Amino acid sequence: MTEALIAAAEARSGLEVRTSLGEDLCDTAWLADTAGLVASNDILRDPKFPLTELAKAAPRLRWIHII
């Protein structure tokens, strides 16, 4: 994924989408408003990702797509 490809996909979709390349998980507050997550499995294995408390950290999350 590149910023250009993400921008083109957002323009085609007409949706408001928050994207991040290289998210370092220092601040996971963004999870509270997240409805969908597209990530590599590395993010789920990162010790800073709240996997065991995901329902509490991301109450609006409805799907995770692993690439």
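Brief remarks on what is shown
- Some residue of the range 8-21 being in contact with a Leu (Cβ under 9 Å, 6 or more places away or on another chain) and free of Cβ contacts under 8 Å to residues at least 60 places away in the same chain: no
- For the range 20-45, a residue qualifies if it is open to solvent by less than 70 Å² (accessible area, probe 1.4 Å) and within 17 Å of His65 (Cβ to Cβ), and the qualifying residues are Ser20, Glu23, Trp30, Leu31, Thr34, Ala35, Gly36, Leu37, Ala39, Ser40, Ile43, Leu44.
The values are calculated or read from the model by the stated rules, or taken from the named source; none is laboratory data. As the structure is a computational prediction, the values presented were derived from the model and not from experiment. Cβ coordinates were reconstructed from backbone atoms using ideal geometry, including for glycine residues, and neighbour counts include every protein chain displayed. The accessibility values were calculated without ligands, DNA or RNA, using every heavy atom of the protein model including side chains. Shrake-Rupley method; radii C 1.70, N 1.55, O 1.52, S 1.80 Å.
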